[in-house]
C-alpha cells in the first residue's frame, strides 16, 4: 500500500478492499465513490464470502456434532441415586468475636437423622466424633456435605463390622462452611477470604470439643482433637491448600485433605491476576514444604485428589493433577474410573453425591481414624496404605507394596504339611488352566505351579468369579520342590494367603449388559483378578490354588514365561493415514500392550475389537491405563460382529506439568478366555477428539480472536495514518485485507508456533520476555518437570494443525460479528429513519464542526470533551472505582456507552455523500470490537461484585480499585461521545502500531494463561488513542 504525501490525494495499491487502481480522493469526495472504487473491489470478493460462509457452517456443524456426541462404554455415567435424612445445625456462636467474616459466611454441623446424636443438649453443642470440615467449591452449597456425611453415619452405625481398624475408629462430626455460593474461581480476594474464614473455623471447631461433655470422656473418646480432616469440592480443595499459607493458620491443625474435582495444577480461568498469584504462592509453599524432609507436611500431611474424568464438563479433569508437587508417599491423583467398585466417570457436581464413590470415601475416612491419637488419625504411612487400597485399582506398581505376598516373612505366614496337598495337579509353565462348571472334575483340587528358578519374564495371572470359594497360597519350600506322588514327611511349606491381594474388577459374565457393573444392576458380584510379576514371584518357589465347587464359579489362571507386555511403535500419523491392527495371542489369558508414542490427551482413539465366538467363561475385556496420574478404564467386548471401544486418556495435556523422564505410554491389557480369537484395529476417534478439544480450549475464545482484532486494527490504522488521517477503513475491510493477503502466512505461523513453543530453549526465552512472569515453565526446579504455558500448550507435532484450526475459527467468529454489527447498524439506521420520517435524513446530522470548542448550530451537539457533563461523568466513574466498584464494572459500563455511541453513529449511514461520516462510523465500530473480546474477561469479577452486593457484603477488591487500569478507557469513551477521532503524526502512528503489534504477540503467546493481561494492553492502547485526540488538529475530520 503506497500513499502520496499530498494531503488531498491518496494513491492506493492493494488486492483488498483498497482497489488495485490509483485513485485521487479529495476531501469532499463522496462516500459512495469510495464504496464503488475502493471497498467493494475485492480480488476474491464473492469466492471469499462463499468460503467463509461454508467455513462457518462447517464449524457450527463440528461444534454441534461434538456437543451431541454421547459418551459410551466405560465413559457412560453409572452413578446410583441416593437417599438420606439430613439436618443442619447452624453454629451461631461462631460470630464476629471469632471471625471478621461472620456477617457473610456461616458454619453448620451436619447430623443424619435417626443415626447421629442431637446437636444440642442443654443449649450446648454436643460433639462425640472426629471433626471433618467440608469446603464447597465455586458457587457451591454447604448442603453438598450431606451425601458423604450420611454415608459415613450409615456405615458407622449400621455396618460397623465392615470397617477395618474398627477397634480404633470413631464416628465423624461433619461441619460444613456456607460461603453464600461465592464465585471462588473468578476472584482471588474471595478465595483468600474463604481460606481465612476456614482457618478461623478450624480454630473454633477444635475449641468446641473442650466444652462438649461427650468429648471429655477420655475412655470412650480419647484425647481432644488437635486437627481437622478437610474435604474440598472443586475450588474448595484449593481453598484448603491456601489455608496453611495465611497468618491465622493454626500449625499442625490439618493433616488429611481429600479433594473432589479440584484444579490443583493450574487455574481453571485466568480472568483475575490475583488468582494466578495465589496459585503461584501456594504451589511454591507446598513444594518447599515437601522438599524439606523435616517439615510437618512431609512427615504428616496427606493429600488425595479425586477427579471424575471425561464427564466433567465444568473443569478439564487434567487440571486436578498433583504429581508435580506432592510426592507419592504423601498423596496422588486418581480418576473415579480407577476406583474399585466405582468404575465410572462422574461429572463435576455428581462427584459429591455419586453413591459408589461417597461410600468408599466415607469408609476410607472411618478407617484412617485413630481415636487414641490427638491428631485423630493414624500415621501418614497407615493413611496412605488405606488410600491406596480404597482408591487404586490394585494393579499399579505403587499398590503392590501393600500386597500380603510382599510382606514375607511376617504376620501373614502360615506353615502347611505336605499331606495337605496330596490331591493335587502340577501345572507346567505357559499353560492356561480354566476351572469352571463345564468341567466339574476341575473343582476341589489343588493346582501346584512350581516357579522356575531362573526366568527374566515370569508372570502369574488369575481371574475368578468366586473369591470366597478360592484358596490361593504363595509358598516357600523348606526341603525340596513338591513333586506329584513324591511328597516326603519332612517337606514343609511356609505360605502366605494371597486372597486379600486379589483386586476387584467389573463383572464380565456372558450375560452382563454393561461394561461397568459396579452397581450390580444384573445381580452379579464383581470379579477378582491378580497379576503378579517376576519381582514378587522371585521370592517364592510355589503357587498353590484350589476352587470349591459352586454354581457359576470359575477361575482361569496361567503362569507364563513369555513376554508380558509387547511394545508397539505406533504413532498418530500412522493411525491418521492407515490405522493399525493389533494381533492378540490366542493362548494367553492376559496380553499386555505398551504404546509409547500415544500419550497425548488431546486425541481420542477408537479400537474396533472383533472376536470369534467360542465357549468362553467370560467376555473379553480391556484394561486401559496410564501410570501417572492413576487412571484405569475397563472396556467390555461384546458380540462377534465387532464393536468400537473408545479410548480417552488424561495423560500429557496442555498447560499441565509433565515429568519429562516419566513413562507416559498408553497401556492396554487384554483379558480373554483360552483360544478366543481376538483382533484389535486402532484408529482415531474424531468425535471424542473434537468434543474434548472444546472443553480444554474454552479460554482461547477470548485470547485468539482478540489478537486478530488487534491485527485488523493495525491494518486499519496503518491505512489511516499513511493516508494523512483522511481515510479510516471499516473493521471488515481490515479483516478481509488480512484474509486475502496474509491468510497463508497466518496459518503457517500458527502451525509453526504450535511446534516451537514445545522446545525448552524457546520456553526459556518466552519466560524471560514474559511481562507478567507468573507461569514458570520449569517449576518446580530440580525435578525435571516442564509445563508448556505458551500458545496452545502443545507437545505433540501431530497436533500442530490445531493452530491453523483455531485461527480459522477466530477469523470466522470475527467475520460473523462484523456482519452482525453491520446488520444492527442498518436496523438502527432504518429505525432512526422511521422515527424521524417527518424530517429529511440530512437534518439528523450529529455535527461535524472544525473547532474543538464549537457547537453545531443545527443539532446543538458539542465536540468539546471537556464540557461540564463529561467531566462530571468521568470524575464520578473514577471515584466509584477508587472507593466502591471494581474497574471491571466500570469497563462494562463503558462498553455499553461505546455501544450507544455506535448505535447513534448509525444515523450517519445515510450520509452517502460524506467520507468524514464514514470515518467516524468505522472508527467507533472498530473500538467497539476492540472492547468486545475484553468484555468476557471482566464480566466474571462483575458477577462476584454483584453477588456480594446482593448479600450486603462489601468485599475489598483492592487491586481492582486501581483507577489507572480504567482511566484511559474512560477518557477515550468520553472522547468518542464527543464524536472525535484521533490524528497521528508519523512517530505517534508508529508507536500505536507497535502497541497493537505487541498486543497481537502477547494475546497469542501468553494470552490463554494470562487473560487479565489483555485488559492491561487494551488500557495502554486506549491511553495512546486518547492522547492523540486531545489537540485541535486531532478531531479526526478536517475542515471542509
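Nothing in this text is a laboratory measurement; each read-out follows from the coordinates by a stated rule. Remember, predicted model here, so these are calculated numbers, not experimental data. Cβ sites come from the backbone with ideal geometry, for glycine too, and all protein chains shown count toward neighbours.
Descriptive notes on the structure:
- Distance between segment 542-621 and segment 59-135 - C-alpha centres, whole angstrom: 41
- Directionally averaged projected area (convex hull, Cα atoms, segment 263-385), nm²: 8.6
- Computed from Cα positions, the angle between helix 1012-1027 and the longest principal axis of the chain comes to roughly 10 degrees.
- Mean projected area (nm²) of the alpha-carbon convex hull when segment 707-786 is viewed from all directions: 7.2
- Once the Cα-Cα distance is subtracted from the 0.36 nm per residue extended length, the residue 76 to residue 578 segment shows a gain of 177.9 nm.
- In terms of the mean number of neighbouring beta-carbon atoms within 10 Å, the peptides 213-221, 590-598 order highest first as 590-598, 213-221.
- 5 Å-binned pair-distance histogram of segment 350-404 (Cα, whole percent): 4, 19, 24, 20, 18, 12, 3
- A viscosity of 0.692 mPa s and a temperature of 37 °C, combined with the Kirkwood radius over Cα pairs in Stokes-Einstein, give a translational diffusion coefficient for segment 660-802 of 168 µm²/s.
- Remark: segment 874-1004 is approximated by an ellipsoid whose semi-axes, taken from the C-alpha gyration tensor as √(5λ), come to 30, 19, 13 Å, largest first.
- Cα centroid separation, segment 671-729 to segment 277-344 (Å): 30
- Segment 86-392 - Debye-derived log10 I(q)/I(0), Cα point model, q = 0.07, 0.14, 0.15, 0.16 Å⁻¹: -0.23, -1.03, -1.21, -1.42
- At 1.567 mPa s and 4 °C, Stokes D of segment 565-686 from Kirkwood alpha-carbon radius, µm² per second: 87
- Across segment 766-822, Cα-Cα pairs more than 15 Å apart make up 66 percent of the total.
- Estimated FRET transfer efficiency (residue 610, residue 698; beta-carbon r; R0 22 Å; 0.05): 0.05
- Note on segment 204-230 and segment 875-929: Cα centroid distance 62 Å, given to the nearest whole angstrom.
- Using a cutoff of 8 angstrom between alpha carbon atoms and counting only pairs six or more residues apart, the relative contact order for segment 565-686 works out to 43 percent.
- Dividing the helix sum by the residues of the chain, where each DSSP H run of 4 or more adds -39500 (n - 2.57), gives a mean residue ellipticity at 222 nm of -11500 deg cm²/dmol.
- Solution diffusion estimate, µm²/s, Stokes-Einstein, the chain, Kirkwood Rh from C-alpha pairs, 4 °C, viscosity 1.567 mPa s: 40
- The packing ranking, built from the mean of other Cβ atoms within 10 Å per residue, places the peptides 780-791, 286-297 in the order 780-791, 286-297, highest first.
- Rg/Rh ratio calculated on Cα atoms of segment 385-475 (Kirkwood radius): 0.97
- For the chain, the longest principal axis of the alpha carbon atoms and the long axis of helix 380-391 meet at an angle near 80°.
- Remark on segment 620-705: Rg and Dmax equal 16.5, 57 Å (Cα only).
- Each Cα pair under 8 Å and six or more residues apart adds its sequence gap; the mean of these over the residue count of the chain is a relative contact order of 11 percent.
- Computed over every Cα-Cα pair of segment 96-210 and binned at 5 Å starting from 0, the pair-distance distribution P(r) comes out as 2, 11, 20, 21, 18, 14, 8, 5, 2, 0 percent.
- Proportion of all alpha-carbon pairs of segment 217-263 beyond 16 Å (%): 48
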